[in-house]
Amino acid sequence: MQLRTFLEGEKFYRIPLKKLATGHYKLSAHVNGIPGIFILDTGASTSCIGFNEISYFLMESEESEIKAAGAGAINMETEITRKNKITIENWKSNNMDFVVFDLSHVNQALEQAEEPSVNGIIGADFLKQFRAVIDYGRNCLYLK
């Protein structure tokens, strides 16, 4: 039995991914009804958006004790935004939290690889919460 047949039989949603020159996968998602582009990053502990995306995605944020680190940047100030709606293809949730911090270093790295900038990162918190399965051979993500 193929992985796709099994997972779809278990009511997982299949989401195609696009591989970037950086080796990351990107996907399109609507957050609070607004379209955005996100990197799928299994190494990111939390899902994130940039400070400049809060108003774009119609979010309200609050102070956070979390200090962000990654992609060469450390000890960055953060905020958090809770209970956002997220839709990817035909899959959706009304309970998505994002850490908010400066994503300019991420987008600079993408620019150097001649890739377009992203609105945020989908991280391990999301992948665990929604029982994600990544099929690297077929470049797709399954969510429950």
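The table below lists the values:
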| item | result |
| --- | --- |
| Assigned charges on the beta-carbon of Lys, Arg, Asp, Glu; the chain dipole about Cα centre (debye) | 840 |
| Sequence-separation-based contact order of the chain, relative, with Cα cut under 8 Å and 6+ spacing, percent | 31 |
| Longest site-free stretch - the chain; sites: GluC sites (Glu not before Pro), DSSP loop, at most 11 other Cβ within 10 Å | 11-59 |
| Karplus-derived 3J(HN,Hα), 6.51/-1.76/1.60, for each residue of region 23-38, Hz, glycine and proline x | x, 6, 9, 10, 9, 9, 8, 9, 10, 6, x, 9, x, x, 10, 10 |
| Lysines whose Cα lies under 23 Å from that of residue 19, excluding same-chain neighbours fewer than 8 positions away | 92, 128, 144 |
| Along principal axes, Cα extents of the chain, largest first, whole Å | 47, 33, 24 |
| Of all DSSP beta bridges in the chain, antiparallel share, percent nearest 5 | 85 |
| Within the chain, helix-based [θ] at 222 nm, where runs of 4 or more DSSP H residues each add -39,500 (n - 2.57), nearest 500 | -4000 deg cm²/dmol |
| 17 Å Cα-Cα reach of residue 18 towards aspartates and glutamates, excluding residues that sit fewer than 8 places from it in its own chain | 41, 89, 111, 114, 115, 135 |
| Amide H within-cut-off set for residue 140, under 5 Å, with H built and near neighbours excluded | 17, 135 |
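Quick note: the coordinates plus some simple rules give every number you see, no bench work behind them. Given the structure is predicted, the values throughout are model-derived calculations rather than measurements. Backbone-built Cβ (ideal geometry, glycine too); neighbour counts: all protein chains shown.
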